[in-house]
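A.B. asks: My questions all concern the structure below.
The values are calculated or read from the model by the stated rules, or taken from the named source; none is laboratory data. Here the structure is a predicted model, which is why all the values come from computation and not from measurement. Neighbour counts are summed over all protein chains in view; Cβ atoms, including those assigned to glycine, are modelled from backbone coordinates with ideal geometry.
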Amino acid sequence: MAHGFASKCLRAGYSPKNGEAATLPIYQSTTFVYDKTKDVASLFDLKSEGFFYSRLSNPTVDCVEKKIAALEGGVGAMLTSSGQAATFATIMTLCKANSHVLSLSTVYGGTYNLFAVTLKRFGIEVEFIKEDETDSMIQAKIRDNTCAIFAETIANPAMNVLDIERFARIAHFNNIPLIVDNTFATPYLCTPFAFGADIVIHSTTKYLDGHATVVGGCVVDSGKFNFKDNERFSDFNEKDLSYHGIIYTEDFKDCPFIVKAKVQIMRDIGLCMSAQDAFLLDKGIETLPLRVQKHCDNARTVALYLKTKSKYIKEIYSPYLENTKAHELSLKYLKGEGSGVISFVLKGGLDAGIKFIDALSFINLEVHVADIRTCILHPASSTHRQLTSEQLKDCGIDEGLLRLSLGLDDVDDVINDLEQAFSALDK
Ligand SMILES: *Cc1c(COP(=O)(O)O)cnc(C)c1O
């Protein structure tokens with residue numbers, strides 16, 4: 001019988017046998033010992049499963065990969081050293097020089113820079129699209145060399161909610177995969193594969209770890225996308241000469257994408273997660289449903305509180321606020337929730353942002369989100385401080401924008417702190 005989500009968070013990926021450790025052991029070893037050359041040979045030929053070097057796979061890492069794959073409803077997963085590494089590995093598995101990718105422009109700043117600047121140096125062109133473009137406007141941008149559409153379930157920090165089915169339909173009409181960054185939603189609120197996404201990525205640094213202890217990422221394969229004989233993906237259908245001539249769509253019919261990601265990109269680039277970090281990540285995932293629900297409950301309360309502060313606030317971005325597109329989509333895709341993050345814009349711009357943050361005494365000022373402790377960030381005075389007012393406008397960051405991430409604190413403590421910071425704006 002299939003287990004429920006909370007049980008999977010505790011048990012998927014690791015099933016101790018009689019007398020074995022109840023909690024996932026840390027295999028703090030770079031390498032593994034074998035009796036005969038033929039044992040190692042069959043591992044290298046991918047004919048038997050096992051471990052030989054922890055850059056490629058490690059038993060602790062493997063268990064956590066299986067857990068996340070189970071939570072997302074995928075056929076396989078690959079943990080990476082960061083969320084950025086997960087995005088990079090995904091693109092490098094699908095694309096080569098001269099490939100083209102469409103991405104929503106509202107993606108996380110780090111992803112935006114990877115796409116706009118760094119991938120360009122590899123000859124991969126990422127073209128940014130906007131959510132409010134019509135299907136035919138987006139369709140017109142798809143080329144023969146387009147290899148993927150990329151978007152976030154909940155955009156960081158704009159808090160738009162993705163109409164996953166719509167983007168999956170456009171992607172599949174063109175035989176290309178939809179990649180969804182599910183970091184903010186987590187599989188507790190949304191499993192994008194259920195709505196047609198083909199590949200999911202995570203910055204596990206955020207809610208999956210949840211305790212602000214480990215930087216990490218994950219790539220998950222739905223196993224549903226048809227790479228077979230797909231002209232856009234010739235190297236999934238041709239012999240990989242760097243791997244004894246295996247053909248991913250023939251030798252690994254059920255999961256060619258994740259196998260290629262592991263044996264080619266992980267082998268060559270080495271963006272692996274350590275066993276110790278995988279163990280800590282697993283500790284976070286064990287309590288994911290409890291934590292995310294509390295983050296959400298707190299965010300809903302604070303979003304409604306912020307609505308009463310229209311004297312100071314120009315705009316609030318949160319799926320919890322009714323009569324918004326994000327709210328409508330959250331009912332379909334996010335069980336009516338919207339994660340623990342709320343973005344809002346102070347009327348007083350840059351000065352008000354600085355004054356507000358400096359007046360806080362309880363909420364942490366952090367370059368982070370999805371922390372167990374409530375934290376806040378003012379992009380214009382921190383992550384985006386090198387940009388001019390003009391450039392800030394171009395990336396859609398208002399000088400008065402604040403990104404508040406509700407932790408597991410007592411919500412009254414958070415509201416009291418916000419209340420006195422709003423009062424400080426009057427002084
Ligand atoms: C933080 C973040 C990333 C990047 O992840 P790192 O673990 O910091 O490398 C990617 N996508 C989203 C939505 C994020 O919030």
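A.B. asks: Filter segment 83-108 down to residues that are of a type in the set (A, V, I, L, M) and not in a strand (DSSP E or B) and give me whichever is modelled with the lowest pLDDT.
C.D. replies: If we take residues in segment 83-108 being of a type in the set (A, V, I, L, M) and not in a strand (DSSP E or B), then V107 is modelled with the lowest pLDDT.
A.B. asks: Taking M273, is it closer than 18 Å to S203 by Cβ and either polar (S, T, N, Q) or in a helix (DSSP H, G or I) (or both)?
C.D. replies: The answer is no for M273.
A.B. asks: Which condition number in (1) in contact with a Cys (Cβ under 6 Å, 6 or more places away or on another chain); (2) farther than 21 Å from K325 by Cβ is the one that T153 fails?
C.D. replies: Single failed check for T153: (2).
A.B. asks: Which of the numbered conditions does G50 fail, given that it passes all the others? Conditions: (1) buried (at least 19 other Cβ atoms within 10 Å of the Cβ); (2) part of a loop (DSSP other than H, G, I, E, B).
C.D. replies: With respect to (1) buried (at least 19 other Cβ atoms within 10 Å of the Cβ); (2) part of a loop (DSSP other than H, G, I, E, B), G50 is out only on (1).
A.B. asks: Which of the following residues is more than 11 Å from the ligand (Cβ to nearest atom), in contact (Cβ under 8 Å) with a residue 24 or more places away in the chain, among the basic types (K, R) and in a loop (DSSP other than H, G, I, E, B): R143, R169?
C.D. replies: Checking each option against the conditions leaves just R143.
A.B. asks: Could you grab the pairs with beta carbons closer than 6 Å, sequence gap of 6+ or different chains, first residue in segment 96-124 and touching a residue at least 12 places away in the same chain (Cβ under 8 Å), second one more than 10 Å from the ligand (Cβ to nearest atom) and hydroxyl-bearing (S, T, Y)?
C.D. replies: Between residues of segment 96-124 that are touching a residue at least 12 places away in the same chain (Cβ under 8 Å) and residues that are more than 10 Å from the ligand (Cβ to nearest atom) and hydroxyl-bearing (S, T, Y), the close pairs are H100/T146; F115/S103; I124/S99.
A.B. asks: What are the residues in segment 188-217 that are hydroxyl-bearing (S, T, Y), under 22 Å from L94 (Cα atoms) and either at pLDDT below 95 or part of a loop (DSSP other than H, G, I, E, B) (or both), if any?
C.D. replies: T191, T204
Condition check ((1) in a helix (DSSP H, G or I); (2) of a type in the set (S, T, Y)) across all residues:
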{"position": "Q386", "(1), (2)": "no, no"}
{"position": "E390", "(1), (2)": "yes, no"}
{"position": "E399", "(1), (2)": "no, no"}
{"position": "D409", "(1), (2)": "no, no"}
{"position": "I415", "(1), (2)": "yes, no"}
{"position": "S423", "(1), (2)": "yes, yes"}
{"position": "K427", "(1), (2)": "no, no"}
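A.B. asks: From the list K311, K253, K224, which one is charged (D, E, K, R) and farther than 27 Å from A168 by Cα?
C.D. replies: Only one candidate passes the filter, namely K311.
A.B. asks: Of everything in segment 332-357, what is in contact (Cβ under 8 Å) with a residue 24 or more places away in the chain and of a type in the set (D, E)? Give them in sequence order.
C.D. replies: E337
A.B. asks: Taking into account only those residues within segment 336-382 that are hydroxyl-bearing (S, T, Y) and surrounded by fewer than 18 Cβ atoms within 10 Å (Cβ to Cβ), which is nearest to A185 (Cα to Cα)?
C.D. replies: Out of the qualifying residues, it is S382.
A.B. asks: Residues of segment 1-23 being over 22 Å from L271 (Cβ atoms), surrounded by 11 or more Cβ atoms within 10 Å (Cβ to Cβ) and not hydroxyl-bearing (S, T, Y), which ones?
C.D. replies: Result: H3, F5, A6, K8, C9, L10, R11, A12, P16.
A.B. asks: Which numbered condition trips up L104, out of (1) more than 12 Å from the ligand (Cβ to nearest atom); (2) touching a Lys or Arg at 6+ places or on another chain (Cβ under 8 Å)?
C.D. replies: (1)
A.B. asks: Might you let me know whether segment 113-126 holds any residue that is within 12 Å of the ligand (Cβ to nearest atom), closer than 19 Å to G340 by Cα and surrounded by fewer than 24 Cβ atoms within 10 Å (Cβ to Cβ)?
C.D. replies: No, segment 113-126 has no match at all.
A.B. asks: Scanning segment 347-384 for residues that are assigned to a loop (DSSP other than H, G, I, E, B) and among the aliphatic types (A, V, I, L, M), which turns out farthest from the ligand (Cβ to nearest atom)?
C.D. replies: L360
A.B. asks: I'd like to know if segment 176-187 contains one or more residues that are at negative phi, part of a helix (DSSP H, G or I) and in contact (Cβ under 8 Å) with a residue 24 or more places away in the chain.
C.D. replies: Scanning segment 176-187, I find at least one residue that is at negative phi, part of a helix (DSSP H, G or I) and in contact (Cβ under 8 Å) with a residue 24 or more places away in the chain, so the answer is yes.
A.B. asks: Suppose we filter D409, D413 for residues that are of a type in the set (D, E, K, R), within 26 Å of G216 (Cβ to Cβ), at pLDDT 95 or above and over 22 Å from the mean Cα position of the chain (by Cα); which single one remains?
C.D. replies: None of the other options fit; the residue is D409.
A.B. asks: Filter segment 179-226 down to residues that are crowded, with 21+ Cβ neighbours inside 10 Å and away from the ligand (no atom under 16 Å from the Cβ) and give me whichever is nearest to K332 (Cα to Cα).
C.D. replies: Ranking the qualifying residues of segment 179-226, first place goes to T191.
A.B. asks: Right, another one. Out of (1) modelled with pLDDT of 95 or more; (2) farther than 22 Å from A212 by Cα; (3) among the β-branched types (V, I, T), the odd one out for T80 is which?
C.D. replies: (2)
A.B. asks: Looking at V263, is it modelled with pLDDT of 95 or more and part of a helix (DSSP H, G or I)?
C.D. replies: no
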